[in-house]
1. Once R0 is set to 41 Å, what does the formula 1/(1 + (r/R0)^6) return for the Cβ-Cβ distance between Leu74 and Arg18, expressed as a FRET efficiency to the nearest 0.05?
2. Work out how much length Thr55 to Asp29 would gain on full extension: take 0.36 nm times their residue separation and subtract the Cα-Cα distance, in nm to one decimal.
3. Could you sort Thr51, Thr93 by their accessible area in this structure, using a 1.4 Å probe and putting the largest first?
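The values are calculated or read from the model by the stated rules, or taken from the named source; none is laboratory data. Remember, predicted model here, so these are calculated numbers, not experimental data. Methodologically, a virtual Cβ is constructed for each residue, glycine included, from the backbone with ideal geometry; neighbour enumeration extends over all protein chains shown. Each accessible area value is taken on the protein alone, full model and side chains, heavy atoms only, with ligands, DNA and RNA left out. Shrake-Rupley method; radii C 1.70, N 1.55, O 1.52, S 1.80 Å.
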Amino acid sequence: MDKSKQSFCKSKRSFHRRLPPIGSGDRIDYRNMSLISRFLSEQGKILSRRTNRLTLKQQRLITIAIKQARILSLLPFRNNEKQLERVELIPRTKNK
């Protein structure tokens, strides 16, 4: 085989399709915290579509639901757990 023809051959790898993270029965809603929390990072950021394996429509609905939950104080705008631990460990001195 020529090198030019070799590059156009299909690979022999099998393609395994992953299951979508949102089932057909799951309702995307700001009150569904178990579903929403799967699409947030540890810092509280919304994960990308590629990471989530969502369709464009699903990603839009998840984003809207997360923003609504943040406004209604069901979710924090950002996760400050690590920052709070650092503040507690630093001893404070009183200035007299």
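1. Details: r = 29 Å, r/R0 = 0.71.
The value I calculate is 0.90.
2. Working: separation 26, 0.36 × 26 = 9.36 nm, distance 1.62 nm.
Computed gain between Thr55 and Asp29 is 7.7 nm.
3. Values: Thr51 85, Thr93 115 Å².
I get Thr93, Thr51, largest accessible area first.
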